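Here the structure comes first, spelled out in structure tokens, and everything after it is commentary.
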Amino acid sequence: MVGQWRAVHDPKALTGVPAHITLVVPWVPPEQIKPQHLEELDEILARHPAFEFSLDEVHWFGDRVLWLAPHPAEPFQQLTEELADHFGTPAWGGKFGEIVPHLTVGLSGYALGASLTDAAEAIAAQLPVRCRAREVQVMCGDGVCWALAHRSLLGPAGPQPGQRVPAATGP
């Protein structure tokens, strides 16, 4: 749904960064990531259950950045806060007071041809999109090329709405 728009409006799309909702950037510089960091990340994320969310609103940061809002936003905010606190790496370098989880579609002025307004209209017509967060990916790059460096799974999800939970049995 956003791939074609990101390919022409988001410079990171062409460097290997997939559509995503950022939790913490910057994190540990790639050359300083140790196995211990990844083990700690795995342990933290395993305590958080996988969760359902939807992308159901188109938004703008000013008139420059088109993005999609995840609902609920709270699980993303909680993960961001916990990871930033644990690793001592404030989200976005602490530049912003509020954590606003989002999926960036594109930046204005980046591409020729179809505008971000066209993208916003086309994407809005396809919303909502139901999603499930199951993992967190660590992407490493130099700004020119990015690649997947590690995947951490979120923990098992609790029962879904309408799902029957087996009764507990005792000894």
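At-a-glance table
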item	result
Long-range neighbours under 9 Å by Cβ, at least six apart or interchain, first residue closer than 21 Å to VAL2 by Cα and at pLDDT 95 or above within the stretch 16-39, second in a loop (DSSP other than H, G, I, E, B) and aliphatic (A, V, I, L, M)	ALA19/MET1; ALA19/VAL2
Test for ALA69: is it touching a Leu at 6+ places or on another chain (Cβ under 8 Å), among the aliphatic types (A, V, I, L, M) and closer than 13 Å to VAL136 by Cα	no
Every pair of residues 6+ apart whose Cβ atoms lie under 6 Å, when the first sits in the stretch 78-104 and is part of a helix (DSSP H, G or I) while the second is among the small types (Gly, Ala, Ser) and modelled with pLDDT under 90	THR80/ALA91; ALA84/ALA91
Top-ranked residue in the stretch 51-98 [being surrounded by 13 or more Cβ atoms within 10 Å (Cβ to Cβ) and among the small types (Gly, Ala, Ser); ranked as nearest to VAL24 (Cα to Cα)]	ALA91
Subset of the stretch 116-128 (residues that are loosely packed, with under 15 Cβ neighbours inside 10 Å and either assigned to a loop (DSSP other than H, G, I, E, B) or in contact with a Ser or Thr (Cβ under 7 Å, 6 or more places away or on another chain) (or both))	ALA125, GLN126, LEU127, PRO128
Qualifying residue in the stretch 83-106 (condition: modelled with pLDDT under 85 and within 21 Å of GLN4 (Cα to Cα))	no
Residues located in the stretch 41-59, provided they are touching a residue at least 60 places away in the same chain (Cβ under 8 Å) and either among the hydroxyl-bearing types (Ser, Thr, Tyr) or closer than 28 Å to GLN126 by Cα (or both)	PRO49, ALA50, PHE51, GLU52, PHE53, SER54, LEU55, ASP56, GLU57, VAL58
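The values are calculated or read from the model by the stated rules, or taken from the named source; none is laboratory data. Everything quoted here is computed from the prediction, not taken from an experiment. Backbone-built Cβ (ideal geometry, glycine too); neighbour counts: all protein chains shown.
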